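Every read-out reported here was derived from the displayed coordinates using simple, explicitly stated rules and does not represent laboratory data. The structure displayed is predicted, hence computed values, not measured ones. Backbone-built Cβ (ideal geometry, glycine too); neighbour counts: all protein chains shown.
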């Protein structure tokens with residue numbers, strides 16, 4: 001279905017019931033403990049500034065010994081090399097993540113060496129913080145999206161959009177139970193795409209499982225999703241054996257008779273609109289080098 005699409009992110013995992021905490025008398029907490037608690041809670045978000053502080057300390061210490069300035073480069077390069085060597089453990093599994101790590105490593109080497117050569121100062125420290133904030137934006141964006149399920153909504157009305165978001169929220173919340181009912185425990189929900197007729201979600205199966213394990217339990221999957229019989233389709237990913245796409249039909253555009261809207265061609269080179277597919281997208285036939293033949297009294301002609 002053509003049109004504008006919208007992507008939202010839902011946090012994966014079972015939902016938690018909201019509880020009202022009991023009222024307690026306020027107790028005075030020392031300031032340093034409160035700061036330590038906040039810093040530990042947001043330790044992932046503050047990691048770029050912690051690394052920047054370490055690099056600044058190294059640059060300040062080296063600047064006091066001009067003959068040791070060039071020792072900064074091999075040390076920082078070694079640290080960056082260790083990061084790339086352990087890229088899988090650090091979850092740098094995408095090319096964009098590795099390019100970001102390479103850019104940050106290059107900037108760290110260049111800037112730390114410049115501060116060590118020129119010397120620290122107020123303006124240099126302000127530039128250091130500003131550069132850290134700019135380079136930390138992709139990190140914050142990555143951490144905000146990581147662990148969540150991307151939900152892409154096709155162009156649809158507001159009521160249909162709200163119903164699609166509610167279905168996606170329920171699916172993300174109850175996915176562990178759905179996977180257990182479909183005999184694919186340990187699978188992970190990766191992405192959801194919804195349109196006016198269907199909902200397609202990408203699933204990463206556990207190691208050793210393939211699309212055949214899910215195809216044999218389609219009826220269980222439809223029951224777990226509270227969908228109609230024979231409305232689920234499973235498509236395997238040709239790039240990854242563990243990744244499958246499951247499409248559940250919410251409405252059937254072929255259930256009712258499709259009224260012929262009239263000729264869709266205004267020129268000989270225009271495609272012919274044969275009607276909608278089961279997902280609602282138009283089935284267009286281009287007549288370039290196409291021969292349509294048939295036999296009378298033998299039913300519908302075939303191409």
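Given a Förster radius of 51 Å and the C-beta distance between residue 54 and residue 277 as r, what FRET efficiency does 1/(1 + (r/R0)^6) yield to the nearest 0.05? Mind dumping the intermediate values first?
Numbers: r = 56 Å, r/R0 = 1.10.
Computed FRET efficiency for residue 54 and residue 277 comes out at 0.35.
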### Task
Take the alpha-carbon centre of segment 244-258, take the same for segment 132-201, and report the distance between them in whole Å.
20 Å
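With the cut-off at 20 Å, report for segment 124-207 the share of all Cα pairs above it, as a whole percent. Could you put the intermediate results ahead of the total?
Numbers: 1814 of 3486 pairs.
When every Cα pair of segment 124-207 is considered, 52 percent fall beyond 20 Å.
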### Task
Please give the length that would be gained between residue 35 and residue 134 if that part of the chain were fully extended, namely 0.36 nm times their separation in residues minus their C-alpha to C-alpha distance (nm, one decimal).
33.2 nm
#### Entry: Viscosity 1.306 mPa s, 10 °C: Kirkwood-radius Stokes-Einstein D of segment 148-249 over Cα pairs, µm²/s
116 µm²/s
### Summary
Per the rule of 0.36 nm per residue minus the C-alpha distance, extending residue 219 to residue 241 adds in nm 5.7 nm
